[in-house]
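The values are calculated or read from the model by the stated rules, or taken from the named source; none is laboratory data. Please read all numbers here as calculations on a predicted model, not as lab measurements. Note: accessible area is taken over every heavy atom of the protein model, side chains too, but ligands, DNA and RNA are not part of it. Shrake-Rupley method; radii C 1.70, N 1.55, O 1.52, S 1.80 Å.
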Amino acid sequence: MTEKTLTKADLQNFTGSTFVYRHPLARKFVYTEGVQYVAEHGGAYWLIDEIVFNQANPAVAAENFQVWRLAVAADKTATLRCGDGNDRLVFTKQLDFTDFPLDEICFYLINDTILLPSEY
């Protein structure tokens with residue numbers, strides 16, 4: 001298992017992206033260098049999968065601009081939420097366990113591209 005070295009300070013370095021990564025199974029979706037960094041250094045490729053695969057949910061797919069938030073509790077349970085950017089929740093999932101190293105993370109999904117808020 002790879003050691004998770006992700007910190008909030010690391011994310012401040014991502015303010016744009018010159019390269020995108022294509023999701024290996026859902027090839028329509030791409031993600032930025034910042035999201036790749038979170039996935040690699042935070043052991044969170046599963047989180048990209050959650051965002052992409054939940055596009056099969058009609059309520060989620062109907063939103064052109066999506067805000068995805070993972071909130072990790074002290075007991076390592078977590079809640080994954082998707083909103084429309086205007087405080088309207090369209091999807092929630094409870095996770096019994098995660099070893100994600102940060103207490104929270106946020107991604108945007110727009111035009112089939114997942115990105116960090118700082119990359120928007």
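Miscellaneous remarks
- Split the accessible area of region 1-90 by element, probe 1.4 Å, and carbon with sulfur accounts for 52%.
- Shown here is the pair-distance distribution of the chain: with all Cα-Cα distances grouped in 10 Å bins from zero up to the longest one, the shares run 14, 47, 35, 4 percent.
- For the chain, accessible area per residue (1.4 Å probe, heavy atoms of protein chains only), Å²: 56
- 5 Å binning of all Cα-Cα separations within region 10-57, expressed as whole percents from 0 upward: 5, 20, 30, 25, 14, 5, 1
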